[in-house]
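The values are calculated or read from the model by the stated rules, or taken from the named source; none is laboratory data. Just so it is clear, the model here is predicted, and its values are computed rather than measured. Note that we place each Cβ from the backbone using ideal geometry, even for glycine, and neighbour counts take in every protein chain shown. In case anyone asks, the SASA skips ligands and DNA or RNA and just uses the protein heavy atoms, side chains included. Shrake-Rupley method; radii C 1.70, N 1.55, O 1.52, S 1.80 Å.
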Amino acid sequence: MDVENGLENVVAAETALSHVDGAAGKLIICGRSLDTLAANHAYEDVVALMLTGQVAPLPEDMTAALGRARAEVYESVAGFAPELGAMPVIDGLRTLMAMLPDGDDTETALRLIAAPAVCTAVLLRTRSGRALIPPRREARHAADILHMCGLSDADGPATALDRYLMTVTDHGLNASTFAARVVASTGAGLASAAIAALCALKGPLHGGAPGPVLDMLDGVGTPENAARWIADALGRGKRLMGFGHRVYRVRDPRADVLRGAVQLLRNDDSVATNERLALAEAVEAAALDALARHKPDRKLETNVEFYTATLLEALGVPRDAFTCVFAMGRVTGWVAHAREQARTGRLIRPQSRYTGPMPERAA
Ligand code: ACO
């Protein structure tokens, strides 16, 4: 048997949850395209869609159910946050999530979906020495995340964050989702699966590398400098962060949704300045222009990381918490995939090829 390092061409699961069509530039979530969902729905609707058939009973009012779940998580974790203040925030999140009870029922699923939001807010407030802000049960999930973090939860920022959460909810059998399915396939509970997934997300090859886009914006400095900086970087053989994609051969559909979300923040007095957004636009335009000339045979388009970085920075999220915000959206995918695997799948147990020495034969 051939070894498929990285499992690129291995189909390891059947799923009705999401489909990435890299050739057409489409992301389909439970039968709906991402752009249609983003234009007409809120994150709570996507949570309901993803959990349909995976947990029962499904709450009729997902906004209220997630509000209750946030309150429960807050009660469970708030007292422990001071112990974790010195840890990187992603490690604090992993530790707090491990304190939640495991299980396979609806309440466990909803608590886990609420957990990255509540735990991250609690950790960020604690490390900056500010009073904790408890969740508001009646609020929408995205608005309450901003509120709990002490950031502006005005309509523009709240809608922008809602779109971001929706955009990253699920993306086929990515590394963290696969980790969740492996754990779920053993019969361990949803919390175990979600924590394994979070550990996979932490790595820089998955969810841990949005910072380089901001480093590039810092390096460019002003819109007038964009073309020169980019030509210089490409001339030195550097890759431009936030451009190109392994699966999408056309434009990453998530980049378009996030670009629209960033536009919602333009002229919004409650968040970071238009100046930074104008810089990001100038850099994108200069990069696309330069990449088209640099690699005429290869379509290198803006990817999801470029606008993720721009959006989260504008909302006021600290750079080292970007991965935690990614987890706030992707956790719904982890939970739904874990349930789907447990309900319909089989123990995931691939084989390895031994390359070590064999024991010597007895003389
Ligand atoms: N800037 C400059 N050149 C690029 C870029 C880029 N962003 N992306 C690809 N190229 C060039 C490569 O240098 C290579 O040139 P060569 O043939 O002369 O060696 C050619 O295009 C093909 O590169 P591959 O690595 O084969 O392209 P692939 O599609 O497999 O890689 C990847 C995708 C890793 C994302 C790449 O485009 C890249 O490094 N981008 C920058 C980092 C980035 O934005 N990462 C986030 C991706 S989004 C996500 O993972 C959620």
Inter-residue pairs, beta-carbon under 6 Å, first touching a residue at least 60 places away in the same chain (Cβ under 8 Å) and in the stretch 215-226, second assigned to a helix (DSSP H, G or I) and open to solvent by 60 Å² or more (accessible area, probe 1.4 Å), 6+ apart:
220/229
Does the stretch 214-226 contain at least one residue that is touching a Lys or Arg at 6+ places or on another chain (Cβ under 7 Å) and closer than 29 Å to residue 182 by Cβ?
no
Within the stretch 235-250, can you find the residues that are over 21 Å from residue 211 (Cα atoms) and not β-branched (Val, Ile, Thr)?
235, 248, 249
Number of the exception - residue 295 against (1) among the charged types (D, E, K, R); (2) in contact with a strand residue (DSSP E or B) (Cβ under 7 Å, 6 or more places away or on another chain); (3) within 11 Å of the ligand (Cβ to nearest atom)
(2)
The residue from 356, 345 that alone is away from the ligand (no atom under 16 Å from the Cβ), over 25 Å from residue 202 (Cβ atoms) and among the small types (Gly, Ala, Ser) is 356
Find the residue count for the stretch 143-161, including only residues that are in a helix (DSSP H, G or I), in contact (Cβ under 8 Å) with a residue 24 or more places away in the chain and open to solvent by 20 Å² or more (accessible area, probe 1.4 Å).
1
Sole exception among (1) part of a helix (DSSP H, G or I); (2) farther than 23 Å from residue 244 by Cβ; (3) at pLDDT below 95 for residue 362, by number
(1)
Could you tell me which of the residues 360, 340, 281 is surrounded by fewer than 23 Cβ atoms within 10 Å (Cβ to Cβ), of a type in the set (Asp, Glu) and more than 24 Å from residue 27 (Cβ to Cβ)?
360
List the residue pairs whose Cβ atoms are under 8 Å apart, where the first residue sits in the stretch 272-299 and is over 15 Å from residue 221 (Cβ atoms), the second is polar (S, T, N, Q) and more than 16 Å from the ligand (Cβ to nearest atom), and the two are 6 or more positions apart or on different chains.
274/267
Per the filter on the stretch 48-89, residues open to solvent by 20 Å² or more (accessible area, probe 1.4 Å), farther than 18 Å from residue 129 by Cα and not in a loop (DSSP other than H, G, I, E, B) are 48, 49, 63, 64, 68, 72, 75, 76
Looking at the structure I just gave you, is residue 318 open to solvent by 20 Å² or more (accessible area, probe 1.4 Å) and over 20 Å from residue 154 (Cβ atoms)?
no
Can you tell me which residue in the stretch 239-272 is farthest from the ligand (Cβ to nearest atom), limited to those that are open to solvent by 20 Å² or more (accessible area, probe 1.4 Å) and of a type in the set (Gly, Ala, Ser)?
270
Listed residues 335, 325, 304, 331; which is open to solvent by less than 40 Å² (accessible area, probe 1.4 Å), within 24 Å of the chain's Cα centre (by Cα) and modelled with pLDDT under 95?
304
Within 16 Å of the ligand (Cβ to nearest atom) and open to solvent by 10 Å² or more (accessible area, probe 1.4 Å): which single residue out of 201, 234, 217 fits that description?
234
Cβ pairs under 7 Å, 6+ apart, first in the stretch 72-99 and free of Cβ contacts under 8 Å to residues at least 24 places away in the same chain, second open to solvent by less than 20 Å² (accessible area, probe 1.4 Å) and in a helix (DSSP H, G or I)
80/96; 95/84; 99/77
